[in-house]
Amino acid sequence: MTKNLSERILTSLMLLFILCTSIFINKYLFLALLIVSSFISYNEFNKLIKKIFKKEIKFISTIQIFSAFFFILFIYTSYQIYGRSPIAIIWIISICIFSDTGGFVIGKLVGGKKLTKISPNKTIAGSVGSFLFALIPLIFLSLIDEIYNDVHLIQLVIVSLFLSLICQAGDLLISYFKRKAKVKDTGSILPGHGGLLDRIDGLIFVLPAAFLIDKIIF
């Protein structure tokens, strides 16, 4: 576990560094990063679909079209959140990173009852760990930024927990497709994670959800 955890943490830190660099250097660099990430993840997802539905060409095409629109939505909503505040999008992405790390660490340390048959390695304890770790970025947000000072802390806690839930659901959805395709990872581009889609599976659902929450609440 130690080696795998170290790889996951180092990979997450590397991706966060690349993300932060692109955000603070230039908005178009950030947009380019979104497009490249979406393109790679889209291709990884399509490989899964083709392995599952080998002969159902029309059905595959339908899913490909739907996933293409979803990744476009992911790019659009991410860029809109960036326009609101670079710190806001770092906070949201950090929720996913900490939620994923918390689920992995607590799940391995505590073990216990399995969460679902879709992903046998995920446990109820790990899910609780994901929720708890998702609150950690909120601590840093309160120290370095004032963009949400007019929002009640309880609201931010609820938003953090809800986004962690969306993140876990997105992770489970991609895990379902991987299980159907009989593969462990969507690719091998990232040490400790597999494919890029393995890293952002929750994020591609979280950012559109965060965009809607921002419009409704904030």
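Structure summary
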read-out	value
FRET efficiency, 1/(1 + (r/R0)^6) with R0 35 Å, evaluated for residue 215 and residue 32 via beta carbons	0.90
Sorted peptide list for 102-110, 12-20, 120-128, criterion being average Cβ within 10 angstrom, highest first	102-110, 120-128, 12-20
Residue 123 long-range amide H proximity, modeled H, under 5 Å	115
Segments 157-170, 200-213, 62-75 sorted - mean Cβ within 10 Å per residue, highest first	200-213, 157-170, 62-75
Virtual spin-label span in nm between residue 13 and residue 132, 7 Å along Cα→Cβ	2.3
Extension gain (nm, one decimal) between residue 60 and residue 154, 0.36 nm per residue minus Cα-Cα	29.6 nm
All-pairs Cα distance distribution in region 80-146, expressed in whole percent, bin size 10 Å	23, 40, 23, 14, 1
For region 40-80, convex hull volume per residue from C-alpha positions, Å³	47
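Every number here is computed from the coordinates shown, using simple stated rules; none is lab data. Remember, predicted model here, so these are calculated numbers, not experimental data. So basically every Cβ, Gly included, is an ideal-geometry build from the backbone, and we count neighbours across all protein chains shown.
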